[in-house]
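What follows is a single structure, written as structure tokens, with notes after it.
The values are calculated or read from the model by the stated rules, or taken from the named source; none is laboratory data. None of these values were measured; they are calculated from a predicted model. Backbone-built Cβ (ideal geometry, glycine too); neighbour counts: all protein chains shown. Accessible surface areas use protein heavy atoms only, side chains included; no ligands, DNA or RNA. Shrake-Rupley method; radii C 1.70, N 1.55, O 1.52, S 1.80 Å.
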Amino acid sequence: MPEIASRQHLVVLNPLIEGALRQAGVKLHDLNAIAVAHGPGLVGALLVGVATAKALAYAARLPLIAVNHLQAHLYANHLCGFDIKYPAVILVVSGGHTELLYSEEPGSITLLGHTRDDAAGEAFDKVARALELGYPGGPIIDSLAEKGNPAAIDFPRALMNEEGRFDFSFSGLKTAVINHLYHARRQGHQYVIADVVASFQEALVDALVEKTVSAAKAHKAATVLIAGGVAANSRLRFKLKERLGHDLPYAGLYVPPLELCTDNAAMIAAAAYPLYRQGRYASLDLNAYPGLGMGDL
Ligand code: KG4
Ligand code: ZN
């Protein structure tokens, strides 16, 4: 519920900023700049963040820096001090996005493929909701799946045989899981929730791994990076490492630690840093852009 989410931002934002400054042992005036994610996302939540950042920047006379939330997920990798070699193939998987990107050199990014319907995180969240497991669904399914059999149910893996194309589709998989539950319940069949979620996760992860590895092969990637909340998924991390080690042993795989995969402020600051160095400041009439794409600044 976007309206409730925006109001909740208003409630938590000031105490959160005060707490962060206290924890870091700094005052507002010790900072060099204020950075804010101005898109993509829910417009109400973005507006609360943008308005807060503008007020802080104005009051403390600090430069304001506008950051693209999606690009910031990539900067989580830079925070870890990884020595990224190019060309690189990057999988961005979050609650709102599933994109496969190619980077020839630092700063250049082209889109190889994206989801045609649901994002990967959205599929995790919707399947968890159908099973009444709670929100966000990704981490819950991830740990529940450890107790299940990933081969118990053969859920569909869409668009797997499209040579040279790197799009994804998860809405059919989500519907297949929901249909499976519906029929099992109607016919009074027992089903093991751990098996259902393990099989769902396996199908989704297989599609992500297959496309990422074939894109890395096609573009002779020296590095494969993953970013976004779903990059925290243990099965994805395991299978991607295994497949890359087998198919492309010379390519490095970089995976940020869990707390830098899901949304966090450190990645926003990391993405702001090069813009700060280049003096690319935003003006105080900065707006929120819910539909900002990966390549937009
Ligand atoms: O990047 P993020 O924190 O927020 C967005 O920008 O969307 O990603 C949130 C998404 C949610 O859909 C959540 O269910 C998923 O990431 N997620 C996971 C895991 N941890 C978070 N999905 C699968 N496995 C996980 N361990
Ligand atoms: Zn995110």
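Annotations for the structure displayed:
- Only one of the numbered conditions (1) of a type in the set (Asp, Glu); (2) in contact with a Gly (Cβ under 9 Å, 6 or more places away or on another chain); (3) under 29 Å from LEU208 (Cβ atoms) is violated by GLU105, and that is (2).
- In this structure, LEU208 does satisfy being in a helix (DSSP H, G or I), under 15 Å from the mean Cα position of the chain (by Cα), at pLDDT 95 or above and among the hydrophobic types (A, V, I, L, M, F, W, C).
- Considering residues of segment 132-142 that are without any contact (Cβ under 8 Å) to a residue 60 or more places away in the chain and assigned to a helix (DSSP H, G or I) only, the residue farthest from ligand 2 (Cβ to nearest atom): ILE140
- Residues that are closer than 17 Å to PRO290 by Cα and away from ligand 2 (no atom under 13 Å from the Cβ) within segment 66-112 comprise just one, ALA66.
- Residue that is under 19 Å from the mean Cα position of the chain (by Cα), more than 22 Å from LEU70 (Cβ to Cβ) and hydroxyl-bearing (Ser, Thr, Tyr), where the choices are SER214, SER199, SER234: SER234
- Figure legend. Inter-residue proximity from segment 210-235: first residues within 9 Å of VAL89 (Cβ to Cβ) and away from ligand 2 (no atom under 14 Å from the Cβ), second residues at pLDDT below 95 and in a helix (DSSP H, G or I), beta-carbon distance below 7 Å, spacing 6+ or different chains. Indicated pairs: LEU225/LEU74; LEU225/ASN77.
- In segment 160-173 there is no residue that is within 16 Å of ligand 2 (Cβ to nearest atom), under 22 Å from LYS220 (Cβ atoms) and out of contact with any Cys (no Cβ under 8 Å at 6 or more places or on another chain).
- Residue satisfying all of: in segment 186-200; open to solvent by 10 Å² or more (accessible area, probe 1.4 Å) and not in a loop (DSSP other than H, G, I, E, B); farthest from ligand 1 (Cβ to nearest atom) among these: ARG186
- Given (1) surrounded by 13 or more Cβ atoms within 10 Å (Cβ to Cβ); (2) farther than 30 Å from ALA251 by Cα, number of the condition GLU3 does not satisfy: (1)
- From the options ASP195, ASP142, ASP167, residue that is more than 19 Å from ALA231 (Cα to Cα) and acidic (Asp, Glu): ASP195
- Of the residues making up segment 83-126, those that are open to solvent by less than 60 Å² (accessible area, probe 1.4 Å), part of a loop (DSSP other than H, G, I, E, B) and modelled with pLDDT under 95 number 6.
- The conditions of being touching a strand residue (DSSP E or B) at 6+ places or on another chain (Cβ under 6 Å) and either at pLDDT 95 or above or in the same structural domain as ILE109 (by TED's automatic domain parsing) (or both) are met by TYR289.
- For ASN287: the one exception among (1) part of a helix (DSSP H, G or I); (2) surrounded by fewer than 20 Cβ atoms within 10 Å (Cβ to Cβ): (1)
- Selection status of ALA282, closer than 30 Å to TYR58 by Cα, open to solvent by 40 Å² or more (accessible area, probe 1.4 Å), in contact (Cβ under 8 Å) with a residue 12 or more places away in the chain and touching a strand residue (DSSP E or B) at 6+ places or on another chain (Cβ under 7 Å): no
- Any hit, segment 270-285, residues being within 15 Å of ligand 2 (Cβ to nearest atom) and under 23 Å from LYS174 (Cβ atoms): no
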